Amino acid sequence: YLDRQSGFESNARSYPRRIPIAIRRANGIFVEDMDGRQYMDCLAGAGALALGHHHPVIVEAIRRTLAEGIPFQTLDLTTPVKDLFVEELFASLPKAFASQARIQFCGPTGADAIEAAIKLAKTATGRRSVLAFHGAYHGMTHGALALTGEIAPKLHISGLMSDVHFLPFPYVYRCPFMLGGEIGWRASLAYIERLLDDSNSGITPPAAMILEAVQGEGGVIPAPDEWLREIRRMTKERGIPLIIDEVQTGVGRTGCMYAFEHAGIQPDILVLSKAIGGGLPLSVVMYHKDLDHWQPGAHAGTFRGNQLAMATGTATLQYVKSHRLELHAHEMGIRLMGILQNIQKNKPQIGDIRGRGLMIGIEIVNPVAAPDALGIYPPNRQLAVRIQMECLKRGLIVELGGRQGSVVRLLPPLIVTSEQIDQIGTIFSEAIR
Ligand code: PMP
């Protein structure tokens with residue numbers, strides 16, 4: 001994967017590039033490499049493994065599916081497995097949303113559900129433009145990529161959906177035209193509202209606005225609750241359907257079952273994947289019934305009837321609910337944030353620590369370079385990569401993200417214990433030292 005003569009580094013087999021281990025088996029929060037070394041997995045399938053690896057209820061759901069001869073795939077045919085999954089999924093959502101919602105099963109990836117959400121909004125409104133946010137990540141298919149708020153992944157792909165307008169996300173730590181803190185995100189709202197009402201802005205009435213309540217790949221950036229409430233007000237007043245992408249945040253990760261609940265708002269369209277499949281591929285779009293102008297077959301996909309994923313998804317939803325794992329995630333998140341903030345006190349390389357529940361980002365900076373006008377040091381991807389590798393050496397797998405790749409991301413499974421949280425903190429502390 002690395003052509004040494006030309007220096008060309010292919011994306012093929014991208015993980016071996018930086019994480020030079022092969023995983024033989026896994027259990028709970030741990031994975032084990034070919035040499036029998038154990039690592040704490042704070043990537044957890046990029047958030048897909050809410051219950052960690054091989055949780056007994058997941059293993060049991062798979063065993064039962066096999067033992068009872070339940071078909072793996074049924075497309076749109078109804079089955080008791082699907083019925084139960086739909087019931088649990090609706091029960092996991094706020095009543096005000098669930099009672100008005102319809103569900104569309106999608107191809108198994110988050111990106112496919114994003115495509116469906118955009119198509120749905122366009123069909124329902126008859127409009128074509130979409131509002132998205134700087135730093136957003138919605139997937140890698142053509143439509144989802146067009147909504148990605150970063151240039152690099154789009155650079156060589158021509159013909160992407162062009163009618164996308166990018167708005168400023170409240171990234172208050174490092175947003176050049178915001179002044180930080182409360183005033184900063186209020187500035188973003190004022191700007192967005194003005195843009196929406198400016199007939200010269202080039203923004204025609206949009207088919208939808210799409211956002212993540214906590215940007216994940218973009219560097220773990222939680223939107224303030226009041227910001228979300230104001231965005232909800234603005235979109236509602238102007239008849240713009242609001243799509244909330246909870247592919248990464250859904251099912252307890254941020255301390256609530258769904259991240260939009262922190263703000264007490266509701267989306268018009270909700271996109272879910274990752275954790276709802278219990279580690280197996282599954283994605284859905286849920287939407288207000290008033291938007292249901294779809295003709296049969298308007299969105300299809302061979303693997304949208306994945307019974308095995310619905311069985312493991314049901315097991316996950318039931319376990320999260322019965323063990324109040326969203327509250328556990330909230331508590332464990334506070335514990336980990338506290339440990340990290342202590343480490344930050346004498347490590348100027350840690351610029352910012354932010355997150356919600358068990359979705360935490362540590363922005364690594366270069367404190368010997370010149371700070372910007374607001375006193376913020378430039379991002380330091382090189383050091384972030386070194387910290388990632390030092391964590392790996394000590395048995396901790398973390399991922400990087402953020403617009404400059406300088407944010408260390410921690411996404412431990414929701415079943416992580418307080419002892420394990422302390423251990424993660426200790427390893428991170430040693431790694432950065
Ligand atoms: N939306 C968000 C918020 C995501 O984090 C991701 C994946 N990281 C996606 C969409 C795309 O999901 P998938 O990789 O399954 O296509």
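Computed values, structure above
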quantity	calculated
Sorted peptide list for 57-70, 401-414, criterion being average Cβ within 10 angstrom, highest first	401-414, 57-70
Virtual spin-label span in nm between Glu237 and Phe30, 7 Å along Cα→Cβ	5.6 nm
Computed over the chain: relative contact order in percent, which uses C-alpha pairs under 8 Å that are six or more apart	22 percent
Summed residue charge, Cβ within 13 Å of Leu196's Cβ, Lys/Arg positive, Asp/Glu negative	-1
Förster radius 22 Å - calculated FRET efficiency between Ala370 and His134, Cβ distance, rounded to 0.05	0.40
Potential lengthening between Thr302 and His323 on full extension [0.36 nm per residue; Cα-Cα distance subtracted]	4.2 nm
Sequence-distant aspartates and glutamates (8 or more away, or on other chains) whose Cα lies within less than 15 Å of Lys393	Glu32, Asp33, Asp35, Asp41, Glu430
Residue-span extension gain [Lys347 to Ala152] - 0.36 nm each, minus C-alpha spacing	67.2 nm
Spin-label model distance (nm) - Ala190 vs Leu84, 7 Å beyond Cα toward Cβ	5.5 nm
Stokes-Einstein diffusion coefficient of the chain, Kirkwood radius over Cα pairs, 20 °C, 1.002 mPa s, in µm²/s	96 µm²/s
Gaussian network model of the chain, Cα within-10 Å springs - most flexible of Cys42, Cys256, Cys175	Cys175
Cα-Cα over 25 Å, subset of Lys82/Lys321; Lys82/Lys122; Lys274/Lys345	Lys82/Lys122; Lys274/Lys345
Computed [θ] at 222 nm, helices only, for the chain once each DSSP H run of length n ≥ 4 contributes -39500 (n - 2.57)	-10500 deg cm²/dmol
R0 of 35 Å, Cβ-Cβ distance Asp198-Arg18: FRET efficiency to nearest 0.05	0.20
Fewest-first ranking of Ser188, Ser429, Ser283, using other Cβ atoms within 10 Å as the exposure measure	Ser429, Ser188, Ser283
Estimated vicinal HN-Hα couplings, Hz - region 292-304 in sequence order (Karplus 6.51, -1.76, 1.60; Gly, Pro = x)	7, 9, 6, 7, x, x, 5, 9, 10, x, 4, 9, 7
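Every read-out reported here was derived from the displayed coordinates using simple, explicitly stated rules and does not represent laboratory data. Keep in mind that this is a model prediction, so the values were computed, not measured. Cβ coordinates were reconstructed from backbone atoms using ideal geometry, including for glycine residues, and neighbour counts include every protein chain displayed.
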